[in-house]
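**Q** My structure is below; once you've seen it, I'll send some questions.
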Amino acid sequence: MAAISALLILAVLIVVSMVGTGMADLDFLFGVVFPYAAILIFLVGFIYRIIRWAQSPVPFKITTTCGQQKSLDWIKDSPFEAPHSKLAVIGRMLMEILFFRSLFRNTKVDLKKDGPRVVYGGSKWLWLAGLAFHWSFLIILLRHYRFFADPVPFFVSGIESLDSFFQIGLPLFYITDAIILIALTYLFLRRVADPKMRFISLGSDYFALFLLLAIGVTGVLMRYTPMRVDIISIKELAMGLVSLKPVVPADIGSIFYIHLFLVSVLFAYFPFSKLMHMGGVFMSPTRNMANDNRVKRHVNPWDYPVKTHTYEEWEDEFRELMRAAGMPLEKEK
Amino acid sequence: MAEKLVKPEELAGGIDYKPKQKDWFDPRVEFRRGTWNYAAPPDNLKYLDLPNPRKWSPTDEDWKLPDNWKEIILEGLRDRIKRFRSLQVFMDICVRCGACADKCHFFIGSGDPKNMPVLRAELLRSVYRKDYTLAGKLMGKMVGARELTVDVLKEWFYYFYQCTECRRCSVFCPYGIDTAEITMIARELLNLVGVSIEWICTPAANCFRTGNHLGIQPHGFADSIEFAVDELEELTGIKVDAPINKKGAEILFVAPSADYFASPHYYTLLGYLALFHEIGLDYTWSAYASEGGNFGLFHSHEMMKRLNAKIYAEAKRLGVKWILGGECGHMWRVIHQYMDTLNGPADFLEEPVSPITGTRFENARSTKMVHITEFTSDLIRHGKIKLDKSRNDHWHATFHDSCNPSRAMGLLEEPRYVIKNCMNKFTEMPENTIREQTFCCGSGSGLGTDENLEMRLRGGFPRANACKYVHDTKDVNILLCICAIDKATLPPLLEYWVPGVEVGGIHELIGNALIMKGEKRETDLRGTPLPNLAPAEENTEDKAETGEEGEGDV
Ligand code: SF4
Ligand code: SF4
């Protein structure tokens, strides 16, 4: 149900862009206004969200330790699992952000009815698909930079030639194009096939996947099929956008506008959605703090005095009993 | 065991990881006996100045909430979003990847989909979205937003008291989302309208008043310690000194109160006493700070601070140099991650140095409190105590990492080092069930009550099952742990799932193995005859082995 409503929303978006640019001739709206608006919403929204998060202080140091602490000097500690210094925290965060360390731990639980026994199998597919998707997405994003720069910077050409390493087809086939679609498809199938996943998935989870898939598919269609579009015009549009002198070249083809519109939607939707995990992962207190709690005092900025039961009050209450038991007293009465 | 229980095979046989309901939006829960805890009694709430004290029960239709309960909760939530970045971020960034879904022992043991950590968090998140986010206001169910209703409140009570704040989920989450943190804050919110449980508020009130959860008054505490001293004399022939409230002692020793009251904790207490005597430690117990455990942790950050304050205050009053802490799990969460922030700085104390070995505990430089297994492993490493491993030959042990020392401290090797040096037979449970991936006893965070027994047995199932594996394959007959709640709740758990496995503390085994000057021993600390009564020659061999392991194993 959640998946179907998400699909419907996506269908509406596609139709809107088709009608808008095909029949109503709103190329300027879709080619210039929406992209600008989307970027603006993205930037303002993203920054706003980060600032909002940053405004909430971190009252306690609640590192989750996933390995041996640093204690006695003859015990080997695990700096990336229980980091004790800033540098080690950076290492831990890099492992997390670049390689999805925590997801790599994933296991799958199974209940065998003999016994009964619970067993834990390895389960690396989620890690692999997640990693494949995110890295492909990043590479594809960087590849797109070629449209926005003239001359094309060397690192973009470098990425491109690596990505088309197999030198198949004309235009050259990008490996990441295939990987991203496969990974997204897997992530979607996983949500519907596993009853637990289906149960926890919201419409917005499916929507994000569908949106990304649709962007990928339209991109691929433009590049590898007869629906191909005029790259020169696209570059003209893109250069116009970055130089703030927007132009709308005639007849780019509506498949391009669908692609561009969906990308605009993605950007505009980003700050309001779970996609903000991109920023949030850096701010998670269980991961980005050192396990040096007993070494350095952490200060809680909103700390306030509380009512305690002081020693004096306590002794007053129990003095006679303590005296009878021969226990030391502060005051005789 | 208060309730009549079905057979283990039946209980486990009914578990199904496939959710039966269509979706999770319906908040209504059935308060079935055995799956929830009694409500906090009004007297204790009053004693602690907590809101809305009244008599009620979770099975009542009317929970007697204040009229403006909804505003109180929503306002409380807004306030905590502003005060805790953890909450703010955790509310926003979960992608529902499901990596945490099957990591929670309550889900594994019950199959209830709302016990998947991600959904437990969604219970709060859905209300946050509705009240707080634009998307939630506009799109409702599509983005998982729900209105806060009385049924939602009841659902929170049910599921946030089916989380032991063990943090296993947080190990697997790609963003480190810690459902324990969410549970802690959800419980704070429930407390604002007087919805809390007896087994948290009563120990908290006791601790506030007398200094320990059990409500033992100072003279009773002194009696217990004295009794233990006599008992140790009977067992070893040695009369040890166990000072209480002694000013000017070098070290203040703080243990969980169960150690001097409950069994098998008690044997660990005997172990501490024997050890401290043998090394000639200049230390003192305190009757005022006679509790290391802190049920405030399970109640609210404020209550945690109120109860914890006694430890530093007492250390200051007695003029000790530093503090040593006994075997307890959640006590160490509070001491390691919270105490210095809550009640520090402890600038009246000195950086801890072992008076026996001269080792400087640099990892406790600021908080000035050292874990007993850090202390003892340092003694062993320096050869300061003589241990006869063969005295523990009647035991084949495995080690249960308690949630908090493993996932909030990273205390993994110290206890293992101590164990391997005081006994011969030790086998680890399967690797996905130990160290940072350890499974909770199922009864932590105030849930260890009789009325909640079915849920405890379910939650403890993964732990017990791993233990059963080493029991069946290697004849393991004792599960060692360094946590007072474990020692209280694992025995009934194992009796149900793995009969034939006992529970013990590490310092109990140290107490057994410790060769004391002038001792006369025929039994171990439990009064069981020692497996080897003529250890003279074997001793030398054992010592050699001890040395070897000391070098190699860590
Ligand atoms: S692992 Fe983390 S991100 Fe994934 S569902 Fe659980 S809490 Fe959410
Ligand atoms: S903290 Fe532990 S009990 Fe709570 S949801 Fe996570 S795994 Fe389950």
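**Q** In Å, what is the Rg of the alpha-carbon atoms in segment A:141-292, and how long is Dmax?
**A** Calculated on Cα positions, Rg and Dmax stand at 18.5, 62 Å.
**Q** Further, regarding this structure: Based on Cβ point charges of +1 for Lys and Arg and -1 for Asp and Glu, what charge dipole magnitude is obtained for segment A:1-100 about its Cα centre, in debye rounded to the nearest 20?
**A** Working: 7 positive and 6 negative charges, 97 e Å.
With only Lys, Arg, Asp and Glu charged at Cβ, the dipole is about 460 debye.
**Q** Using helices alone, what [θ] at 222 nm do you get for the protein assembly as shown, with -39,500 (n - 2.57) per DSSP H run of 4 or more residues, divided over all residues and rounded to the nearest 500? Don't skip to the end; give the middle numbers.
**A** Details: 36 runs with 427 residues, N = 887.
So the calculated ellipticity at 222 nm is -15000 deg cm²/dmol.
**Q** Report Rg (one decimal) and Dmax (nearest whole number) for segment B:310-382, counting Cα atoms only, units Å.
**A** Taking only Cα atoms of segment B:310-382, I get Rg and Dmax of 11.9, 34 Å.
**Q** Using all C-alpha to C-alpha distances in chain B, build P(r) with 20 Å bins and read off the rounded percent in each one.
**A** 22, 54, 22, 2
**Q** Next up: Using the basic label-point model (7 angstrom from Cα toward the beta carbon), what is the A:F148 to A:D114 distance in nanometres?
**A** 5.9
**Q** To continue, here is another question. Bin all alpha-carbon pair distances of segment B:177-285 at 10 Å intervals from 0 and give each bin's fraction as a whole percent.
**A** 13, 35, 26, 17, 9, 1
**Q** Can you list the aspartates and glutamates whose alpha carbon is less than 15 Å from that of B:K321, not counting same-chain residues fewer than 8 positions off?
**A** List returned: B:E250, B:D282, B:D347, B:E350, B:E351, B:E362.
**Q** Highest mean first, how do B:305-312, B:71-78 rank when packing is the count of other Cβ atoms within 10 Å averaged over residues? If you can, show how the numbers build up before the last one.
**A** Values: B:305-312: 25.2, B:71-78: 16.8.
Going from most to least packed, we get B:305-312, B:71-78.
**Q** Sequence gap at least 6, Cα distance under 8 Å: using those rules, report the relative contact order of segment B:175-286 to the nearest whole percent.
**A** 22
**Q** Give me, ordered by chain and number, the residues 5 or more places off B:I244 or on other chains with an amide H under 5 Å from its own placed amide H.
**A** B:W285
**Q** How large is the charge dipole for segment B:1-107, taken about the Cα centre, if only the Cβ atoms of Lys, Arg (+1) and Asp, Glu (-1) carry charge, to the nearest 20 debye? Walk me through the intermediate numbers first.
**A** Details: 20 positive and 18 negative charges, 54 e Å.
Charge dipole, segment B:1-107, about its Cα centre: 260 debye, nearest 20.
**Q** With an 8 Å cut-off on Cα pairs and a minimum separation of 6 or more residues, tell me the relative contact order of segment A:185-294 in percent.
**A** Working: 53 pairs, mean separation 23.2, N = 110.
Contact order relative to length: 21 percent.
**Q** What net charge is computed for the residues neighbouring B:A255, neighbours being all others with C-beta under 9 Å from the C-beta of B:A255, Lys and Arg scored +1, Asp and Glu -1?
**A** Numbers: positive: none; negative: B:D259, B:E291, B:E327.
Value of the local net charge: -3.
**Q** So how far, in whole Å, is the C-alpha centre of segment A:192-245 from the one of segment B:59-118?
**A** Cα centroid to Cα centroid, the span is 34 Å.
**Q** Something else: Going by C-beta contacts inside 10 Å, put A:S161, A:S264 in order with the fewest on the left. Don't jump to the answer; show the numbers that get you there.
**A** Working: A:S161 11, A:S264 23.
Exposure proxy ranking, most exposed first: A:S161, A:S264.
**Q** Given 10 °C and 1.306 mPa s, compute D for segment A:28-82 with the Stokes-Einstein relation, Rh being the Kirkwood radius over Cα pairs; round to the nearest whole µm²/s. Don't jump to the answer; show the numbers that get you there.
**A** Working: Rh = 15.5 Å.
Roughly 102 µm²/s, to the nearest whole number.
**Q** Considering the options B:N392, B:L509, B:I81, tell which one lies farthest towards the positive end of the dipole of the protein assembly as shown, charges being +1 on Lys and Arg and -1 on Asp and Glu at the Cβ, about the Cα centre.
**A** B:I81
**Q** What number comes out for the charge environment of B:G505, summing +1 per Lys or Arg and -1 per Asp or Glu over other residues with Cβ under 10 Å away? Intermediate results must be reported in sequence, preceding the final value.
**A** Working: positive: B:K487; negative: B:D259, B:E327, B:D486, B:E508.
With Lys, Arg at +1 and Asp, Glu at -1, the net is -3.
**Q** Per residue of segment B:231-247, what does 6.51 cos²θ - 1.76 cosθ + 1.60 with θ = phi - 60° give for ³J(HN,Hα)? Whole Hz please, x for Gly and Pro, Karplus curve as stated.
**A** 4, 5, 5, 4, 7, 10, x, 10, 8, 9, 9, 9, x, 10, 6, 8, 5
**Q** Report the residues of segment B:299-342 in range of a label on B:R365: point 7 Å along Cα→C-beta, backbone N strictly under 17 Å from it.
**A** B:340-341
**Q** Tell me, what ³J(HN,Hα) does each residue in segment B:45-51 have, in order and in whole Hz, if you take phi through Karplus 6.51 cos²θ - 1.76 cosθ + 1.60 with θ = phi - 60° and put x for Gly and Pro?
**A** Calculated HN-Hα couplings, in order: 4, 4, 4, 8, 6, 9, x Hz.
**Q** Quickly work out the A:V247-to-B:E350 label distance, labels modelled 7 Å from Cα along the C-beta direction, and quote it in nm with one decimal.
**A** 8.1
**Q** Rule-of-thumb check for segment B:31-189: C-alpha Rg over 2.2 N^0.38 Å?
**A** Numbers: Rg = 15.9 Å, N = 159, 2.2 N^0.38 = 15.1 Å.
Relative to the 2.2 N^0.38 Å estimate, segment B:31-189 comes out at 1.05.
**Q** At q = 0.06, 0.12 Å⁻¹, what log₁₀ I(q)/I(0) does a Debye calculation on the Cα points of chain A give, no solvent, two decimals?
**A** -0.36, -1.05
**Q** Taking N as the number of residues in segment B:1-124, what value does Rg over Cα atoms divided by 2.2 N^0.38 Å take?
**A** Details: Rg = 18.0 Å, N = 124, 2.2 N^0.38 = 13.7 Å.
Computed over Cα atoms of segment B:1-124, the ratio equals 1.31.
**Q** For the residue pair B:Y38 and A:S157, what label-to-label distance in nm results when each label sits 7 Å from Cα along the Cα-to-beta-carbon direction?
**A** 8.0
**Q** Starting from the Cα gyration tensor of segment B:350-404, take the square roots of the eigenvalues, sort them a ≥ b ≥ c, and report rounded, prolate or oblate (rounded when a/c is under 1.5, otherwise prolate if a/b is larger than b/c, else oblate). Could you put the intermediate results ahead of the total?
**A** Working: a/c = 4.43, a/b = 1.52, b/c = 2.93.
Oblate, because a/c is 1.5 or more while a/b does not exceed b/c.
**Q** Output ³J(HN,Hα) for segment A:185-195: one whole-Hz value per residue in order, computed from phi by the Karplus curve 6.51 cos²θ - 1.76 cosθ + 1.60 with θ = phi - 60°, and x for Gly and Pro.
**A** 4, 4, 4, 6, 4, 4, 5, 8, 7, 8, x
**Q** So, one more: Once you wrap a convex hull around the alpha carbon atoms of segment B:320-475, what is its projected area averaged over all directions, in nm²?
**A** Numbers: hull surface 43.5 nm².
Here the figure is 10.9 nm², rounded to one decimal.
**Q** Could you size up the charge dipole of segment B:91-181 around its Cα centre, putting +1 on the beta carbon of Lys and Arg and -1 on that of Asp and Glu, and report it in debye to the nearest 20? Can you show the working numbers first?
**A** Values: 13 positive and 11 negative charges, 39 e Å.
It comes to approximately 180 debye.
**Q** Cross-link candidates for B:K517: which lysines have Cα within less than 18 Å, leaving aside residues fewer than 8 places away along the same chain?
**A** The qualifying lysines are B:K239, B:K384, B:K386, B:K389, B:K543.
**Q** Just rank A:Y186, B:Y469, fewest to most, by other beta-carbon atoms within 10 angstrom.
**A** On the way: A:Y186 18, B:Y469 21.
Ordered from fewest to most neighbouring Cβ atoms within 10 Å, A:Y186, B:Y469 come out as A:Y186, B:Y469.
**Q** So for chain A, averaging the separation of alpha carbon pairs under 8 Å that are six or more residues apart and normalising by length, what relative contact order in percent results? Provide the component values of the computation, followed by the final result.
**A** Working: 343 pairs, mean separation 100.1, N = 333.
Relative contact order, chain A: 30 percent.
**Q** So what is log10(I(q)/I(0)) for the protein assembly as shown at q = 0.04, 0.07 1/Å, when the Debye sum runs over its Cα atoms only?
**A** -0.21, -0.60
**Q** Would you work out which of A:I258, A:W135, A:G279 lies farthest towards the positive end of the dipole of chain A, given +1 charges on the beta-carbon of Lys and Arg and -1 on that of Asp and Glu, about the Cα centre?
**A** Result: A:W135.
**Q** Would you tell me the mean number of C-beta atoms belonging to other protein chains that fall within 10 Å of each C-beta in B:9-15, as a whole number?
**A** Values: counts 4, 1, 1, 7, 3, 0, 4.
Other-chain Cβ atoms within 10 Å of each residue's Cβ, averaged: 3.
**Q** Check which residues have an amide H placed less than 5 Å from B:V503's amide H, if you skip close sequence neighbours.
**A** For B:V503, the qualifying residues are B:L479.
**Q** While we're looking at this one, here's another question. Arrange B:I510, A:I75 by Cβ neighbour counts within 10 Å, fewest through most, would you? Could the numbers behind the result be given before it?
**A** On the way: B:I510 29, A:I75 19.
Listed from fewest to most nearby Cβ atoms, that is A:I75, B:I510.
**Q** I'd like the mean, over residues of B:136-143, of how many other protein chain beta carbons sit within 10 Å of each residue's own Cβ.
**A** Values: counts 1, 0, 1, 7, 1, 5, 9, 8.
Mean shielding by partner chains, rounded to a whole number: 4.
**Q** Per residue of B:321-328, how many C-beta atoms from partner chains lie within 10 Å of its own C-beta, taken as a mean?
**A** Numbers: counts 0, 0, 0, 0, 0, 0, 0, 0.
So the per-residue partner count for this stretch is 0.
Computed from the coordinates by the stated procedures, all read-outs in this text should not be read as laboratory data. All values reported here derive from a predicted model rather than from experimental measurement. When we count neighbours, we look across all protein chains shown, and the Cβ atoms used for this are built from the backbone with ideal geometry, even at glycine.
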